[in-house]
Amino acid sequence: MTYQNFSLSQLQAIDAAHYLHPFTDHKDLRASGARMIVRADGPFIYDSEGHALLDGMAGLWCVNVGYGRHELAEAAYEQMKELPYYNSFFRCATPTPVLLAKKLAELAPKHINQVFYGSSGSESNDTALRLVRHYWALEGKPEKNIIISRNMAYHGSTVAATSLGGMSGMHEQLGGAVPNIKHVMMPYAFELALPGESDHDFGLRAAKAVEDAILEAGAENVAAFIGEPIMGAGGVKIPPASYWPEIQRICRKYDILLMLDEVITGYGRTGEWFAAQSMGIEPDTITTAKALTSGYQPLSALLVGDRISKTLVEKGGEFYHGYTYSGHPVACAVALKNLEIIENEGLVERVKNDTGPYFAKMLQERISGHPLVGEVRSLGLMGAIEIVKDKATRERFQPEGSAAVVVRDHAIAQGMMMRATGDSMILSPPLIWTRETIDMAGDRIVKALDLALADLSKAK
Ligand code: PXG
């Protein structure tokens, strides 16, 4: 039986009876019912009532090649027929993940040549955490095991990934985090820069917070620093240009590994294959997932730099870690085809040279002047719009986050799917967006902002 046999209200009732959704207030969802997305094509998603929505979030930051790519379905189908599954434990391998690993080594920065697979970004960050601690143990320095992260970081939702992340609400529900993870300030100039402080100086100060944490813990006890090149779920927070090179310098100075979480930024979003390249840094690990398959299959790849993999090979000893689905052949077949599409269509270069700059211009010229907007920012096809009550003072509407929800609801009603994080409106569209799609998004966002302004002014 297919879903077409059910009405929306029937599906919502079944949903409410049986399905616990992720990151959801279940009481609240039962009161309102879920929107059913039933199909998608190109840049559009369609709900059960036939509404077309321009997907400004590429699903959940992942559908980089857009929807309706039959080649990806065919790649999965062919692999399933040939070999649906076999593992890579116990000295076995299957060819597809092997070939994908080679491809990833070609695309990644030069010093990164090895891959460890999982099925999600969270799993991959668990791997990363265990791997860097294992590395230092193999190096004869097991006491070097503290990991430094940032407030508001999002690294996933497993116990280790939640612990690495810096979301206080998630920590409160954890009832005990993985030990030896410390959090420092995030590089978010819009809220944290001091009066008169330049972006450049703020970036250096935010990096200094990492150095201070290293000195406080003792460099001999610190394994690594982890960060998203641009904080995604935390609100598309783009650090000043001074930040990442300074972080790299500090990590090298104190012999601390640099772990980059590119679950959102990987595979073209910033206009390079990896944001490490946009930021000009050389991380020891890069966590990737999402756009590796454009979301058509669950797959993650932790990209491991030569420094770590050399020690693993030279020192030997089993690394007691892995998943049933590490290197799943079907997911890897889809990933290979997805990377081929991104390459053949030149999507990364297009984001860098054409759509990324055009997207930035649209935000600047059409959105930034709106009375509700305190700041717009973007890199590649990843952007944020800060919603404020007072443009000059950056005062927010109260309660915090409520105004962005008003904007978001109007945006959805205008056929524009976008997300609110606190008071930031977020955009992270498929990389297939053209100038015309960006114009269409601009039209819908301006309308949503105008309608929200009318509502919010009435409420004052
Ligand atoms: N790292 C980063 C940087 C992420 O953005 C993960 C790790 C975890 O990946 P998995 O595949 O385990 O979900 C993520 C995931 C949101 C939102 O609301 C963002 C993510 C997931 C769900 C919701 O923006 N990012």
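The values are calculated or read from the model by the stated rules, or taken from the named source; none is laboratory data. Since we're looking at a predicted model, the values are computed, not measured. Note: ideal-geometry Cβ built from the backbone for every residue, glycine included; neighbour counts use all protein chains shown. We work out accessible area using only protein heavy atoms, side chains counted, and drop any ligands, DNA or RNA first. Shrake-Rupley method; radii C 1.70, N 1.55, O 1.52, S 1.80 Å.
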In segment 117-143, what residues are touching a residue at least 40 places away in the same chain (Cβ under 8 Å) and more than 15 Å from the ligand (Cβ to nearest atom)?
ARG130, LEU131, VAL132, ARG133, HIS134, TYR135, TRP136, LEU138, GLU139, LYS141, GLU143
Would you confirm whether any residue within segment 22-30 is within 16 Å of the ligand (Cβ to nearest atom), open to solvent by less than 30 Å² (accessible area, probe 1.4 Å) and in contact (Cβ under 8 Å) with a residue 60 or more places away in the chain?
no
Being surrounded by fewer than 16 Cβ atoms within 10 Å (Cβ to Cβ) and touching a residue at least 24 places away in the same chain (Cβ under 8 Å) narrows it down to one residue among LYS315, LYS352; which is it?
LYS315
Could you run through segment 69-89 and say how many residues are free of Cβ contacts under 8 Å to residues at least 40 places away in the same chain and either open to solvent by less than 40 Å² (accessible area, probe 1.4 Å) or within 16 Å of the ligand (Cβ to nearest atom) (or both)?
0
Flag if GLU349 is part of a helix (DSSP H, G or I) and either at pLDDT 95 or above or under 25 Å from PRO240 (Cβ atoms) (or both):
yes
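Among the residues of segment 59-87, write down those that are among the hydroxyl-bearing types (Ser, Thr, Tyr) and more than 27 Å from the chain's Cα centre (by Cα). Before you say what the answer is, go through the steps one by one.
Pass one, segment 59-87, residues among the hydroxyl-bearing types (Ser, Thr, Tyr): 67, 77, 85-86.
Of everything in segment 59-87, those that are among the hydroxyl-bearing types (Ser, Thr, Tyr) and more than 27 Å from the chain's Cα centre (by Cα) turn out to be TYR77, TYR85, TYR86.
Taking strands (runs of 3 or more DSSP E) that do not extend beyond segment 372-437, which have at least 1 residues that are open to solvent by 10 Å² or more (accessible area, probe 1.4 Å)? Give the steps one after another, and end with the answer.
Details: elements: 373-378, 383-387, 419-421, 424-427.
Hits in segment 372-437: 373-378, 419-421.
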Contact list please: Cβ distance under 8 Å, first residue in segment 41-56 and free of Cβ contacts under 8 Å to residues at least 60 places away in the same chain and within 27 Å of GLY380 (Cβ to Cβ), second residue open to solvent by 10 Å² or more (accessible area, probe 1.4 Å) and of a type outside the set (Gly, Ala, Ser), pairs at least six apart or on different chains.
ASP41/TYR67; PHE44/TYR67; TYR46/ILE37; TYR46/VAL38; TYR46/ARG39
LEU260 being surrounded by fewer than 24 Cβ atoms within 10 Å (Cβ to Cβ) and within 15 Å of ALA128 (Cβ to Cβ):
no
Is there a residue being open to solvent by 70 Å² or more (accessible area, probe 1.4 Å) and touching a residue at least 40 places away in the same chain (Cβ under 8 Å) anywhere in segment 5-20?
no
Of (1) within 16 Å of the ligand (Cβ to nearest atom); (2) at pLDDT below 95, SER457 satisfies all except one. Which?
(1)
Pairs returned, first residue in segment 265-289 that is touching a residue at least 24 places away in the same chain (Cβ under 8 Å), second residue that is assigned to a helix (DSSP H, G or I) and polar (S, T, N, Q), beta-carbon separation under 6 angstrom, 6 or more apart or interchain, are THR270/SER278; GLU272/SER278; ILE281/GLN248; THR287/SER124; THR287/ASN125; ALA289/SER124
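Can you name every residue in segment 202-211 that is open to solvent by less than 10 Å² (accessible area, probe 1.4 Å) and not aromatic (Phe, Trp, Tyr)?
Within segment 202-211, GLY203, ALA206, ALA207, VAL210 qualify.
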Matching residues, segment 212-231, being farther than 16 Å from ALA128 by Cα, open to solvent by less than 20 Å² (accessible area, probe 1.4 Å) and either part of a helix (DSSP H, G or I) or acidic (Asp, Glu) (or both):
ALA213, ILE214
Count - residues of segment 232-264 that are outside any helix (DSSP H, G or I) and polar (S, T, N, Q):
1
Give GLU216, GLU220, GLU246 a once-over and let me know the one that is free of Cβ contacts under 8 Å to residues at least 24 places away in the same chain and either among the acidic types (Asp, Glu) or within 15 Å of the ligand (Cβ to nearest atom) (or both).
GLU216
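Residues are listed down the side, and each one gets a yes or a no for (1) on the phi > 0 side of the Ramachandran plot; (2) open to solvent by 60 Å² or more (accessible area, probe 1.4 Å); (3) within 15 Å of the ligand (Cβ to nearest atom); (4) outside any helix (DSSP H, G or I):
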{"residue": "HIS155", "(1), (2), (3), (4)": "no, no, yes, yes"}
{"residue": "ALA160", "(1), (2), (3), (4)": "no, no, yes, no"}
{"residue": "GLN173", "(1), (2), (3), (4)": "no, yes, no, no"}
{"residue": "PRO179", "(1), (2), (3), (4)": "no, yes, no, yes"}
{"residue": "PHE190", "(1), (2), (3), (4)": "no, no, no, no"}
{"residue": "HIS200", "(1), (2), (3), (4)": "no, yes, no, no"}
Say we look at segment 282-303 and pick out the residues that are open to solvent by 10 Å² or more (accessible area, probe 1.4 Å) and assigned to a loop (DSSP other than H, G, I, E, B); which of these is nearest to the ligand (Cβ to nearest atom)?
PRO298
